[in-house]
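Enquirer: Take a look at this one; I'll ask things after.
Only the coordinates and a few stated rules stand behind these numbers; no lab work does. Just so we're clear, the structure is a prediction, and the values are computed from it rather than from any experiment. So basically every Cβ, Gly included, is an ideal-geometry build from the backbone, and we count neighbours across all protein chains shown.
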Amino acid sequence: VFSELLINLLAVFWLFLGCISADIITTVGTDVTLYCKYDFGYYGKLPVCWGRGPIPNRGCAKQVIKSDGTSITSRLSERYLLQGDLQDGDVSLTIRRVEEADSGMYGCRVDIPGWFND
C-alpha cells in the first residue's frame, strides 16, 4: 500500500517575483525535488538555506540544509541533498526516501546582498 504525501513548497524571491508557492504530491519511499534557482550569472555564489515551516524575516526556521554557495555547510539528515548545479544557481532540495513525517511546508532562502533582497 502506497501513501501519498503533500509537501508545500514556499520559495521566497522578494527581489524579482515576490512569493512563489507550489503544492507537490509524492509517494512515500520515493525521492522528491523542491525547485529553487537564482541568477548565478548576475549574483555569483550566494549562501542558501532550506527550512521547514513559514520563512522568517531572516535565515531559515527549522533549517534542514545550508550551503555557503560552494558546498553544503550543514544538514539535518543525509536524506536532504542539493543535487543541482550550484554553479548555475540551482539550489533545489531533494529529499530522499520521503517519509510521512516529511509532509509540510518548506522554504528556500537565497541570501542576496542588500536590503530585502533575499
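Enquirer: Tell me, what HN-Hα J-couplings in whole Hz come from the Karplus equation 6.51 cos²θ - 1.76 cosθ + 1.60 at θ = phi - 60° for each residue of segment 81-93, using x for Gly and Pro?
Expert: Each residue of segment 81-93 in turn: 9, 10, 8, x, 7, 4, 6, 10, x, 8, 10, 5, 9 Hz.
Enquirer: If you keep only loop residues by DSSP, which trypsin sites (Lys or Arg not before Pro) in segment 46-109 have at most 10 other Cβ atoms within 10 Å of their Cβ?
Expert: Arg58
Enquirer: Follow-up. Between the DSSP loop rule and a limit of at most 13 other Cβ atoms within 10 Å, which chymotrypsin sites (Phe, Trp or Tyr not before Pro) in segment 71-118 are left?
Expert: Trp115, Phe116
Enquirer: What spacing in nm lies between the two simple spin-label points modelled at Gln87 and Asp31, each 7 Å away from Cα in the Cβ direction?
Expert: Placing both labels 7 Å along Cα→Cβ, they lie 2.1 nm apart.
Enquirer: Also, I was wondering about something else. Using alpha-carbon pairs under 8 Å, 6+ residues apart, how would you state the relative contact order of segment 48-118 in percent?
Expert: 34 percent
Enquirer: List the lysines whose Cα sits under 18 Å from the Cα of Lys45, skipping any in the same chain fewer than 8 residues away.
Expert: Qualifying lysines at Cα under 18 Å: Lys37, Lys66.
Enquirer: Could you calculate the FRET efficiency of Glu100 with Ile72 from 1/(1 + (r/R0)^6), where r is the beta carbon distance between them and R0 is 22 Å, rounded to 0.05?
Expert: Computed FRET efficiency for Glu100 and Ile72 comes out at 0.30.
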